[in-house]
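> Just passing along the structure, written as structure tokens.
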Amino acid sequence: MKNVTTRKRQLKKLLCLLLVPLCLTFATICAAGAETLTVGVPTDRCPIFYRDDQTQEIIGIGADLMRSAAGNAGYDVTFVQIAEPTLKEALDNPEYDVVMPFGSAIFSAAGNATAVSDNLFQPPFTLVTKGTRKLPEFNRLKVGMLRSQGGVAETVRQLYPGIEINMYETMPECVKALREGRVDALLHNSYVWSYVLQKPSYEDLTIQPSAMFTMDFRVGTPDTEEGRAVIERLNRGIAELTETRRQAIALDYTSRKLYQYDFGDYLYQYKWILLLVGAVTVLMILITIQKQRSIRLRHEEKLEQVVNTDPLTGALSMSGFRKRAEELIRAHPDIPYLISFNNIKNFTFINDSLGREAGDELLRFWAAKSMEHLNDNECIGHITADRFAILFQASGDEKIVQDIRDVGDPVRNYFIDRGKETPVRLCSGIYVLTPQDYQEINVDRMLDCARIAERKVRHNRKDGYEFYNPDQWQKGKKISDICNHLPNAMVNGEIRVWYQPQVHFETGKIIGAEALCRWNHSRLGWISPTEFIPLLEESDLIYELDCFVWESVCRDLQRWNGQGKHRSVSVNLSRCDIREDRNIPEQFAGLIRTYGLTPDQLRIEITETAFAENSDLVIRTTVQLRELGFQVEMDDFGSGYSSLHMLKEVPVDRIKMDLHFLADSGNPEKGQIIVSYIIQMIRSLGLSVIAEGVENISQASFLQSHGCSEMQGFYFYKPMPVEEYEAIETEQ
């Protein structure tokens, strides 16, 4: 019995040893017989299809359902992300055995028919809107979808022919289109929406349950014999999928927390907290910076005060005075300033006889008394020892006398008022700032000039004040009255353009006019052009006046053109106007463009002296003006600078002859000979000529008899306001 049992055990072992290789061989044969199916899918539809963050494997509800069905059909499945924008285009790629998902059979992008499998499952599709708006019927909707949903879109169009579908590359682009009102709603399956709407910034989007419908979820491939065989085999595997299995797969993915917050989501979710924290942080930083800046500014102010303030008197130090004076002069170019250099002639005697403390008290008193009478646009500096410098406004001799009385007298009587018989002798030198000083500010040079005037007082008299140049003082007052008042005078109508008619002597007709300036000063009354024009030229302000005249003349010419009266006017171009940094020809061209004039209406007069002083630049300007169509006249010819060589070189159209040679002084016969030959020479050069300054009939007749018929002067008309000029023109 024991032998029988032993034999049975040995037989079992032998059978096991024989069966294990057989089983392994069978399994290998089965494995070798399983086919691999390459499935192309989109990966932007979590939780239907997406990549696992860790393994990068394509997973999802659709992927697991396909694996189960394919496994039932004897296939191994390899999922590949489609490279094409849409499933329709992916159908034409032979690298995929099948493509999914499709709602129904469609044509590929190349127009090939497709074979589709039975339904794997029916995912619900729904619309998402911004807020809870009421939607129109499906057939009237404008819907946004992902471009990769091209196959689904085609099925939707078949179901709802009137629907308008707009395709977008990404979900953020879809949402943007919805928020901007370019579409009524977005369409996708509900599983995808359950994932997408977890994004915090999409909290304003709402699922429309009433607009829910289901679509099939099928596998597609080109409709070929091989493709139909694959689909038929897959259908057998799909048929074996139980509803319980389908629901378990869907439940598994929808119960997971698949959405992972990115940095932008956290920013959106906690934006108010972050903004608050950021605002507090920025505020603290700003407070710290401001505090540090305030400390630094206070420190700098203290240092500046130490450097710029005289500790003894409280006035500015030399460096402080230099800096402050320069600031004031630069900031107030319209204020006529003076700088005074002041010295106590007997200061050494005061220190020796009354003591140094008495001398210091005197200096403090002088500084304090002076500062009482200075405004914000003036300053005082303690230069050294007993010397002070003051920058103050020029207000006439009366103001200086008043300052002497208010400040100088108390300083002179400082010790006398305190019972000591020691007068203080003050010596002051005053320098009047010139226009050049405002352009090139040099406080040290101005003080040197004031010091020269002070030294003159100290050496020649006991005390008092002296101007650096008395003539300069008078001239400075005139410049202040005229030049500094020019801008206001042009605005308020004090300066007006008058016209002096030019006539043809033989016919008596007015052939033009010269534009001239007349200034009725608000305080000084009528000022002669011979007075204000040289000052404006010296102050480099004549250009502003000439521009004003040119503009005024152009406005008058424009008005006359509108009345049907085509007139021409001669305007003066000063030698100071012509500079390398000014394009005078273009300026005149701009004027006639602006006012709709023709070049012949502006005759441009340039004085003979301008051609003599700056011939190259003036000649170049003249050539450019004539090229633009303007007529250029040489003004004041014969006034004393005439040069036959210059006349040969200068390209002008008309010579305006000065009647200096016909004046009463000198030999009148010689004068007539000179004028007659000048006229003959001008006409021989092919130039026209006009005589100015004609004062009587004998001069006019002489000019006419020698070939000069165009004339201008008091014999015919004096300069007159525009209204009078218009009246006499109308009479003719």
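The values are calculated or read from the model by the stated rules, or taken from the named source; none is laboratory data. The structure displayed is predicted, hence computed values, not measured ones. Note that we place each Cβ from the backbone using ideal geometry, even for glycine, and neighbour counts take in every protein chain shown.
> Can you pull out every residue in region 695-732 that is assigned to a loop (DSSP other than H, G, I, E, B) and closer than 14 Å to residue 506 by Cβ?
Passing the criteria: 706, 707, 708, 709, 716.
> Is it fair to say residue 584 is in contact with a Ser or Thr (Cβ under 6 Å, 6 or more places away or on another chain) and touching a residue at least 40 places away in the same chain (Cβ under 8 Å)?
Yes: the conditions hold for residue 584.
> Answer with yes or no whether residue 537 is surrounded by fewer than 17 Cβ atoms within 10 Å (Cβ to Cβ), out of contact with any strand residue (DSSP E or B) (no Cβ under 9 Å at 6 or more places or on another chain), modelled with pLDDT of 90 or more and of a type in the set (D, E, K, R).
So residue 537 does not fit the description; no.
> Select from region 45-86 the residues that are part of a loop (DSSP other than H, G, I, E, B) and closer than 16 Å to residue 254 by Cα and write down the one among them that is modelled with the lowest pLDDT.
Among residues in region 45-86 that are part of a loop (DSSP other than H, G, I, E, B) and closer than 16 Å to residue 254 by Cα, the one modelled with the lowest pLDDT is 46.
> Could you go through region 240-247 and let me know if any residue there is in a loop (DSSP other than H, G, I, E, B) and in contact (Cβ under 8 Å) with a residue 40 or more places away in the chain.
yes
> Which number in (1) over 38 Å from the mean Cα position of the chain (by Cα); (2) not assigned by TED's automatic domain parsing to the domain that holds residue 442 marks the one condition that residue 355 misses?
Going through (1) over 38 Å from the mean Cα position of the chain (by Cα); (2) not assigned by TED's automatic domain parsing to the domain that holds residue 442 one by one, residue 355 breaks only (2).
> Moving on to the next point. Would you check if there is a residue in region 210-232 being part of a helix (DSSP H, G or I) and touching an Asp or Glu at 6+ places or on another chain (Cβ under 6 Å)?
No.
> Please enumerate the residues belonging to region 490-536 that are without any contact (Cβ under 8 Å) to a residue 40 or more places away in the chain and among the small types (Gly, Ala, Ser).
493, 508, 522, 525, 528
> When the residues of region 608-635 are narrowed to those that are over 42 Å from the mean Cα position of the chain (by Cα) and surrounded by fewer than 22 Cβ atoms within 10 Å (Cβ to Cβ), which ends up modelled with the highest pLDDT?
609
> Give me the pairs: first residue in region 73-95 and assigned by TED's automatic domain parsing to the domain that holds residue 232 and closer than 11 Å to residue 36 by Cα, second residue part of a loop (DSSP other than H, G, I, E, B) and of a type in the set (A, V, I, L, M), beta-carbon distance under 6 Å, and six or more apart or on different chains, which are they?
74/34; 76/34
> Among the residues of region 712-726, what is the count of those that are hydrophobic (A, V, I, L, M, F, W, C) and more than 53 Å from the chain's Cα centre (by Cα)?
Counting residues in region 712-726 that are hydrophobic (A, V, I, L, M, F, W, C) and more than 53 Å from the chain's Cα centre (by Cα) gives 2.
> Considering each of 555, 579, 575 in turn, give the residue that is surrounded by fewer than 18 Cβ atoms within 10 Å (Cβ to Cβ), closer than 25 Å to residue 610 by Cβ and basic (Lys, Arg).
579
> For region 305-318, how many residues meet the condition of being touching a residue at least 12 places away in the same chain (Cβ under 8 Å) and surrounded by 13 or more Cβ atoms within 10 Å (Cβ to Cβ)?
The total comes to 8.
> Here is a follow-up. Is it the case that region 672-690 has a residue that's surrounded by 18 or more Cβ atoms within 10 Å (Cβ to Cβ), assigned to a strand (DSSP E or B) and either among the hydrophobic types (A, V, I, L, M, F, W, C) or within 57 Å of the chain's Cα centre (by Cα) (or both)?
Within region 672-690, one or more residues are surrounded by 18 or more Cβ atoms within 10 Å (Cβ to Cβ), assigned to a strand (DSSP E or B) and either among the hydrophobic types (A, V, I, L, M, F, W, C) or within 57 Å of the chain's Cα centre (by Cα) (or both).
> Something else: Which one is modelled with the lowest pLDDT among residues in region 117-145 that are more than 18 Å from residue 160 (Cα to Cα) and touching a Leu at 6+ places or on another chain (Cβ under 9 Å)?
Among those residues, the one meeting the criterion is 131.
> Could you pull out the residue among 395, 428 that is within 23 Å of residue 316 (Cβ to Cβ), touching a strand residue (DSSP E or B) at 6+ places or on another chain (Cβ under 6 Å) and of a type in the set (Ser, Thr, Tyr)?
Answer to the check: 428.
> Can we say residue 39 is part of a strand (DSSP E or B), more than 18 Å from residue 215 (Cβ to Cβ), of a type outside the set (Phe, Trp, Tyr) and in contact (Cβ under 8 Å) with a residue 60 or more places away in the chain?
yes
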